[in-house]
Amino acid sequence: MLSLSGTLSGSIHKSISLEPSIGNWSFECKSHYWIRHNDVIWAVQWSQEEIDAARIYDRSAKEKYFEDASSNVMTEKPKSDKQKQSSWMKLKQWWLQYWK
């Protein structure tokens, strides 16, 4: 399961990476791993103390992430048509460089 603050990324080369790592602390196996370019990279087994500390850190990081995101929504100025077109042109140029 992906958390809302985690990221799933892919590329034109069709590889998948997940950030941050996946920790299955609630399961008996307590597996911990990353997915980078379609490969699973296993982490060492964590102690219960490390798991508890990671949970506290993750909770705090998620709260900060969503606080920052909500404050940015409230203060963001709408883009002008010129800025929107400029962003579109940048995306178009980036896309075309792979399909020439």
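Work out, in µm²/s and without decimals, the Stokes-Einstein translational diffusion coefficient of the stretch 25-68 at 10 °C, 1.306 mPa s, Rh from Kirkwood over C-alpha pairs. All intermediate terms of the calculation are to be shown ahead of the outcome.
Details: Rh = 12.2 Å.
Diffusion coefficient, whole number: 131 µm²/s.
Charge tally for Trp25 (other residues, Cβ to Cβ under 11 Å; Lys, Arg +1; Asp, Glu -1): -2.
Each value in this text was obtained by applying a stated rule to the coordinates, not by laboratory testing. Only a predicted model underlies this, so the values are computations on that prediction, with no experimental measurement involved. Cβ: placed from backbone, ideal geometry, glycine included. Neighbour counts: every protein chain shown.
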